[in-house]
Amino acid sequence: AQAQAQSLNLSSWVPPTHFIHTDFLVPFAERVAEVTGGRVTLNILPAPLGGPAQHWELVRNGIADITWGNFTYEPERFIPMWFAEFPNAGTNAEAQSVALWRAYEEYLSDNPAFAGVKMLGLGLFGGGQLHHGARAITTPADISNQKFRMGGPIQERMLTALGAVPVAAPATRAYEMLESGVIDGSLHPVESVMNFRLEGVLTHHTIFPNGFYDATFFVAMNEARWNRLSEADRDAIAGITGEMLSAAWGRNFDQQHPVAVEKLTTAGNSFTEASEELIGAVNAIYDEMVADWIVAAKGAGVADPEALLAFYQASYADFVGE
Amino acid sequence: MHIIVMRLRRGIETLIALVLFSMVALTFADVIGRRIIGRPIYGAHDITEHLMALAVFAGLPLVTAACLHLTVDLFDRVLMKSWMRWWRVLAGLIVATIFALLAWLFFRQGMTAGQISEVSQALRIPRGPVYFYMSASCALSALAAALTAFTGPVPTDLDTAEDAT
Amino acid sequence: MIIGLTAMAAAIVLAFLRVPLAFALLGVSIVGIGLTLNWNVAFMLLPMTISEAVLSYELAVVPMFILMGNVISKTGIAQDLFRAAYAFFGHVRGGLALSTMTACSGFSAVCGSSYATAATMAKVAYPSMKRYGYADSLAAGTIAAGGTLGILIPPSIIMVVYGILTQTNIRDMFIAGIVPGLLGVAMYLVVIRLIAARRPEDAPAGERSTWSERFRALSGVWPFVLLFILIIGGLYGRLFTPTEAAGMGAGLAMLVAMLQRRMSLQLLRQIIIDTAYTSVSLYAVLFGALMLSRLLTLSGLSSGILALVTGFGLDGILLILAILLVFLVLGCVMDSMAIILIFAPLFAPIVVSQGFDLVWFGILIIVATEIALITPPIGMNVYVLKAVLPSVPMVRVFKGLVPFVAADLVRLALLIAFPALVLWLGTTIR
Ligand code: NA
Ligand code: NA
């Protein structure tokens, strides 16, 4: 209700050289200052206030005003979001992120899992893929007994069902684990093989045309803090967040992807498509996971999970078609 | 009373020794498992983290009771004089207060953890009981700090307590 | 920014007033965050920060390395190392001091603590030097200076702490410490030779060993060689993570001690419990330091200082020199672990924003605080010696340390002038 200048603390857990910092957070901060006429500025803190998995709690409790993070870093908390991390969530990150935002608005915004925060944007990363350090993985037989680094319950279930050995660890530890033989391969979007400089240790990339798995991200603000902004500032910020911010998130990942493919190809790495047989095996697991999720999501307060999933898929197809 | 404290201390010490020893054994098993058999232990890092939390919070009341927290002793010549006793008691009570605050905050955190289904990354071990354990340890440490502020340290069997620097 | 500065000053004052360091840091951070933002934030952040730290896999490296060092020092394995060094160097002038320094560097390769290195080598080497009529200043000076190698030659607890606080890769820190550590050993050996040449009566020669004696003595070195290859080879070759290297090292050290029948179950229990007490007190101060670094982040102190010093035209290498000067001065009155805990999180963002490498900066401030361990009035290594060797007057030890401190300053200058000394080995891996 007042017009004095306000600075909002933003806690981010990637180094300031990461593209999420330089190409997403910094432009976002500039846009906020611009549309509010400098009344609201974002202060990106020089160090994170907690671990990556703590960033939802940091913002919900108002320790930071704004944070971003990955929903499934808290493995059992955000059940309503899981469907978007399953296989076949798509490979166009902008379309995915916009579709996820629309689905959230339509079906999830009053779900208790998201209480206490003002959601500013949602995002997916355009399809996670399977990467191996020694050979091309194209068939179910290739994958069995191979040790893959992964994060989160969905990837763990996929790998286990395919007969591989899941090893839980953050992506930042992939390099040393590959070098030391802890793992044979690792799950990443193609972009992060490049951005974590893994091209020397992950040399064979298996591409699933609709994505092998995905990761759901939030950009969120503390709700009480949001309500303390003046109405004019809230309106101004609302005009550049939501679907717009989600689209910006996706575009960043979409821009990284072709750059990464080119760089990895130049480095002599091989890209292969997953065989029909492997895709069939993944789809069989996918069907089971969806069936289980529908039950779990109903328990987590989603009235009609089937409709939510169908809405997401239709929105995605719409956006890609546009 | 004295005997109960000593028994309790030795019991906790044995627990810590077993925990640290299992950490070593777990590392061996995990490394050998993946090198030779090609099968790492799922969630080995997760187990290590929990063992460490178990050991550290088991040790906190002991270190507090023995007054072995890292302390700067530059001005001991003045501060250890008898007329400064009131300050040493006060310093002990500061420690006790912080531990009491921590006990309450970890208890609150434990209550929240249940509501938000907070679990560990790999093995999905619920965090609620972990926080309650930390809370209990801090409460015991608060008690130890408050008592030793007046009585002085509870003796240990350690020959030297070398610091880690 | 005012609150940040006041908080740091208050933490230091409370620590000097005998409030245990961990609680001085925690108390000040809680109050500081409460005043900067609000109490609810302080109370939420406190358990989140502590549980995140205690449930951290990276930090579990600390107790494992402490355990390994304790096994080696308390089962007499360190004695063999000194005996082997003596068999080779004992007969030359200053030979006992040279042997001690060599043994210190070998022991440092399996021990992450400078106090433990100094204390162990004091028990192992001082009696021999005394017997041969070494001057107290040279004998104690050698041990106190040699002890500082404990935190620079990997493994090093202080490097782990720095890595955790500044989010720098711990393996990179370890690899970067190797060359500066070896440079330190070389320079200390030269210093001893120079002292022995100038004042031969201070450093008489010992007896000459025969080659068969030497080879027999060499057999006492294999546990160190084995552990060193396991840890450094394993880290350099990326065979395991630092935490795994530490766990394997601790296990192997126990195995060796048991095979050599040097360790009963009773002693094993005692060693592990010792380790636990040391680790717990270290974890507690780390909780405090992490909370303080949260306060520094929230209060904007780092960016404030950066604006201030660049306003004075202090940037680039001048800024680094100014920061190092701060660390050297602090080192006169503060313990090196406390300095790293309190000040590394403050300066790291400033250094990064000037485009410097955090690994290089970390090694520089560790060398700077290492000097702190052997300078008056607070030289913790000297105090440790004092506890082990109550008969040696402290002034004489500090006097004996002057040439070693001079060597350290030269080394620091070399590392600033030639960053490759720190960073080159790391670049050969990747
Ligand atoms: Na060392
Ligand atoms: Na000093």
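The values are calculated or read from the model by the stated rules, or taken from the named source; none is laboratory data. The structure presented is a predicted model; accordingly, all values stated were derived computationally and were not measured. Virtual Cβ from ideal backbone geometry, glycine too; neighbours counted across all protein chains shown. The accessibility values were calculated without ligands, DNA or RNA, using every heavy atom of the protein model including side chains. Shrake-Rupley method; radii C 1.70, N 1.55, O 1.52, S 1.80 Å.
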(message) Cβ neighbours within 10 Å, averaged per peptide: list C:366-374, C:378-386 in order, most packed at the top.
(response) C:366-374, C:378-386
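With +1 on each Lys and Arg Cβ and -1 on each Asp and Glu Cβ, and nothing else charged, work out how big the dipole of the protein assembly as shown is about its Cα centre, in Debye to the nearest 20.
Numbers: 55 positive and 64 negative charges, 938 e Å.
Dipole of the protein assembly as shown, to the nearest 20 debye: 4500 debye.
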(request) Tell me which residues come under 5 Å, amide H to amide H, from A:G121 once H is placed; ignore anything under 5 positions away on its chain. (result) A:V219, A:G242
(request) Take the alpha-carbon centre of region C:40-102, take the same for region C:243-280, and report the distance between them in whole Å. (result) 12 Å
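List the trypsin sites (Lys or Arg not before Pro) in region C:160-224 that DSSP assigns to loop (not H, G, I, E or B) and whose Cβ has at most 16 other Cβ atoms within 10 Å. Which are they? Each step should come with its number before you reach the end.
On the way: sites: C:R171, C:R193, C:R198, C:R208, C:R214, C:R216; in loops: C:R208.
Here the trypsin sites (Lys or Arg not before Pro) that fit, given the DSSP loop and packing criteria, are C:R208.
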(request) Would you work out which of A:Y213, A:A232, A:F196 lies farthest towards the positive end of the dipole of region A:194-233, given +1 charges on the beta-carbon of Lys and Arg and -1 on that of Asp and Glu, about the Cα centre? (result) A:F196
(request) Would you tell me the mean number of C-beta atoms belonging to other protein chains that fall within 10 Å of each C-beta in A:177-184, as a whole number? (result) 6
(request) Compute the acute angle (0 to 90°) between the alpha-carbon long axis of helix A:93-103 and the principal axis of greatest extent of the alpha-carbon atoms of chain A; round to the nearest 10°. (result) 60 degrees
(request) Starting from the Kirkwood radius over alpha-carbon pairs of region B:2-164, derive D by Stokes-Einstein at 10 °C in a medium of 1.306 mPa s and give it in µm² s⁻¹. (result) 88 µm²/s
(request) Can you grab the distance from the C-alpha centre of region A:161-208 to the C-alpha centre of region B:20-94, Å, no decimals? (result) 33 Å
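What is the interface area between chains B and C, defined as buried accessible area summed over both chains with a 1.4 Å probe, reported in Å² to the nearest 100? Walk me through the intermediate numbers first.
Working: alone 11700 and 17660 Å², together 23290 Å².
In total, chains B and C hide about 6100 Å² from solvent.
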(request) For peptide B:115-126, compute the average count of partner chain beta-carbon atoms within 10 Å of each residue's beta-carbon. (result) 5
(request) Over the protein assembly as shown, give the accessible area per residue in Å² for a 1.4 Å probe, as an integer. (result) 36 Å²
(message) With viscosity set to 1.306 mPa s at 10 °C, what whole-number translational diffusion coefficient in µm²/s follows for chain C from Stokes-Einstein and a Kirkwood radius over Cα pairs?
(response) 72 µm²/s
(request) With a ≥ b ≥ c taken as the square roots of the eigenvalues of the C-alpha gyration tensor of the protein assembly as shown, please select rounded if a/c is under 1.5 and otherwise prolate if a/b is larger than b/c or oblate if it is not? (result) prolate
(request) For region C:81-93, take each phi angle, set θ = phi - 60°, evaluate the Karplus expression 6.51 cos²θ - 1.76 cosθ + 1.60, and give the result in whole Hz per residue in order, putting x for glycine and proline. (result) 5, 5, 4, 5, 4, 5, 4, 8, 10, x, 7, 7, 5
(message) Give the aspartates and glutamates reachable from B:K81 as a straight Cα distance under 17 Å; neighbours fewer than 8 places away on the same chain don't count.
(response) B:D73
(message) To test your reading of the geometry: what angle, between 0 and 90 degrees and rounded to tens, separates the Cα axis of helix B:127-151 from the longest principal axis of chain B?
(response) 20 degrees
(request) Starting at the first residue of region C:410-426, write each ³J(HN,Hα) from the Karplus equation 6.51 cos²θ - 1.76 cosθ + 1.60 with θ = phi - 60°, in whole Hz, x for Gly and Pro. (result) 4, 4, 4, 4, 4, 5, 6, 6, 10, x, 4, 4, 8, 9, 4, 4, x
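Could you rank B:W104, C:W211, A:W82 by how accessible they are, 1.4 Å probe, largest area first?
Values: B:W104 125, C:W211 150, A:W82 50 Å².
The ordering from most to least exposed comes out as C:W211, B:W104, A:W82.
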(request) Name the residues whose placed amide hydrogens come within less than 5 Å of the amide hydrogen of A:Q6, ignoring near sequence neighbours (fewer than 5 apart) on the same chain. (result) A:V40, A:T41
(request) Starting from region A:233-302, pick out the chymotrypsin sites (Phe, Trp or Tyr not before Pro) whose DSSP state is loop and whose Cβ has at most 14 other Cβ atoms within 10 Å. (result) none
(request) Starting at the first residue of region A:68-81, write each ³J(HN,Hα) from the Karplus equation 6.51 cos²θ - 1.76 cosθ + 1.60 with θ = phi - 60°, in whole Hz, x for Gly and Pro. (result) 9, x, 9, 4, 7, 4, 9, x, 10, 9, 10, 3, x, 8
